[in-house]
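Here is the structure we will look at.
The values are calculated or read from the model by the stated rules, or taken from the named source; none is laboratory data. Values in this document were obtained by computation on a predicted structure and should not be read as measured data. Note that we place each Cβ from the backbone using ideal geometry, even for glycine, and neighbour counts take in every protein chain shown.
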Amino acid sequence: MKKFNVETLVGLFMIVGFLCLAYLAVKLGDVELLGTKEYKVNARFGNISGLKEGSEVEIAGVKVGKVSKIYLDNYQAVVELLVNPSIKIQDDSIASIRTQGIIGDKYIKISPGGSEEYIKPDGALTETESAVDIEELISKYIFEKQ
């Protein structure tokens, strides 16, 4: 009888351990099991150098969403953003790619516009500013000075 109790306790301990591991994997992996509440907005850029899926989307320095998907369409980068449902983005807002610090990660900064119209889910930001390519700027500066 004592052997049965020890084996049962070890089994229960293992099951609880696997459940905890699965919970951590879902939370740390930022996986949505039951769908997402956020709405999707697209933005087209000429250059997204260094931007990755999962990068933050900010308004006034506050995280309001994340980059969910990046793909190429007609030689332009299309970036899908998932934005908090409580945040409304004006249709004349500007999306620009910025760097956190000097050599930090890239993120998308949204500068709100003044319009009273808002972008609907699956809508698009039409005003965008591409990423600044530091290498290109340095090479222009070096070769123009000679």
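Mind telling me which of the residues V62, V79 ends up being assigned by TED's automatic domain parsing to the domain that holds S115, under 19 Å from S111 (Cβ atoms) and in contact (Cβ under 8 Å) with a residue 12 or more places away in the chain?
Working: V62 fails: in contact (Cβ under 8 Å) with a residue 12 or more places away in the chain.
Residue meeting the stated conditions: V79.
Listed by position, the strands (runs of 3 or more DSSP E) inside region 53-146 whose residues that are out of contact with any strand residue (DSSP E or B) (no Cβ under 6 Å at 6 or more places or on another chain) number at least 2 are 62-73.
Would a scan of region 24-38 turn up a residue that is crowded, with 16+ Cβ neighbours inside 10 Å and either part of a strand (DSSP E or B) or not basic (K, R) (or both)?
To start, the set of residues in region 24-38 that are crowded, with 16+ Cβ neighbours inside 10 Å comprises 38.
Those still in the list that are either part of a strand (DSSP E or B) or not basic (K, R) (or both) too: 38.
Checking region 24-38: at least one residue is crowded, with 16+ Cβ neighbours inside 10 Å and either part of a strand (DSSP E or B) or not basic (K, R) (or both).
Only residues that are exposed (fewer than 13 other Cβ atoms within 10 Å of the Cβ) and polar (S, T, N, Q) were counted across region 51-109, and they come to 3. Selection over region 89-115 of residues that are of a type outside the set (A, V, I, L, M, F, W, C) and more than 17 Å from the chain's Cα centre (by Cα) gives a count of 9.
Does D133 satisfy being charged (D, E, K, R), over 19 Å from S49 (Cβ atoms), surrounded by fewer than 16 Cβ atoms within 10 Å (Cβ to Cβ) and touching a residue at least 12 places away in the same chain (Cβ under 8 Å)?
Answer is no for this residue.
Scanning region 38-81 for residues that are under 21 Å from D133 (Cα atoms) and basic (K, R) turns up R44, K52.
Screening the candidates I70, I48 for the property of being assigned by TED's automatic domain parsing to the domain that holds P112 and modelled with pLDDT of 90 or more yields one hit, I70.
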